[in-house]
1. Taking the simple approach of a point 7 Å from Cα along Cα-to-Cβ for both residue 78 and residue 44, what is their distance in nm?
2. Rg and Dmax in Å for the stretch 1-76, alpha carbons only: what are they?
3. How big is the chain along each principal axis, measuring the range of its Cα positions in Å and listing the largest first?
4. Report D for the stretch 193-260 in µm² per second (integer): Stokes-Einstein, Kirkwood Rh on Cα pairs, 20 °C, 1.002 mPa s.
5. Which semi-axes, in whole Å and largest first, does the equivalent ellipsoid of the stretch 145-200 have when worked out from the alpha carbon gyration tensor as the square roots of 5 times its eigenvalues?
6. Quick check on the stretch 78-145: take the gyration tensor over C-alpha atoms, sort the square-rooted eigenvalues as a ≥ b ≥ c, and tell me if it's rounded (a/c under 1.5), prolate or oblate.
7. What whole-number volume per residue, in cubic angstrom, does the convex hull of the C-alpha atoms of the stretch 145-252 give?
8. Over the chain, what is the mean sequence separation of C-alpha contacts under 8 Å (at least six apart), divided by residue count, expressed as relative contact order in percent?
């Protein structure tokens with residue numbers, strides 16, 4: 001089941017998206033003011049072609065995994081960490097499909113980081129890895145946009161990864177996908193930059209949920225970014241970044257430089 005959030009001629013709505021997104025998909029409005037694996041419907045619907053997809057969820061927090069692919073850790077100049085490394089992005093960084101990533105005037109280089117993202121369905125604390133799936137609504141795609149010069153200068157990651165628009169998410173949430181073995185690819189202007197598989201995650205989704213929930217309570221709609229594979233690289237004004245995850249779809253965003 002695909003769950004999403006749209007701007008329709010009648011306003012903003014949570015929906016289930018049925019059919020082929022490339023041809024005849026229909027968005028059926030959900031009665032609840034939240035996303036659930038057991039939705040009820042209002043009876044209103046719109047063709048996907050007639051609406052605009054928004055970020056599927058506006059999380060209370062975005063928790064990110066750092067260096068969770070060995071090859072990416074090494075391309076960044078370090079060995080893979082033994083324990084998970086986590087950090088936060090503010091929810092104000094979230095944007096949806098086709099919304100521009102805005103590069104700060106004083107940040108260079110800024111890199112793309114395509115990732116599989118986990119969306120939480122219900123509150124949880126100290127969740128065992130074996131029970132993680134009971135707390136997960138589904139999976140979406142994210143881009144952990146990062147200002148490398150600020151990351152290096154600050155010695156921590158909040159400013160470098162927390163700018164408005166630095167967390168594209170979407171295009172929808174897929175509830176049925178198995179996260180254990182999914183191809184993940186990032187392209188810039190059609191050129192392949194990242195090409196990997198979630199089977200190479202150092203810490204899988206269950207371990208991630210267990211680690212994060214031991215630190216902080218997870219709330220409905222929270223997003224966890226699982227980490228990016230090797231191949232990160234710069235994005236520039238005028239580029240288009242597309243992240244594709246097998247079984248989910250493609251998240252695309254143009255890139256603009258603020259102040260131009």
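1. Computed distance between label sites residue 78 and residue 44 equals 4.7 nm.
2. Answer for the stretch 1-76, Rg first and Dmax second: 16.4, 51 Å.
3. If we take the Cα atoms of the chain, the spans are 53, 47, 28 Å.
4. 145 µm²/s
5. Output for the stretch 145-200: semi-axes of 26, 15, 13 Å.
6. oblate
7. Each residue corresponds to 132 Å³ of Cα convex hull volume.
8. 25 percent
Each value in this text was obtained by applying a stated rule to the coordinates, not by laboratory testing. No experiment lies behind these values; they were computed from the predicted model shown. Methodologically, a virtual Cβ is constructed for each residue, glycine included, from the backbone with ideal geometry; neighbour enumeration extends over all protein chains shown.
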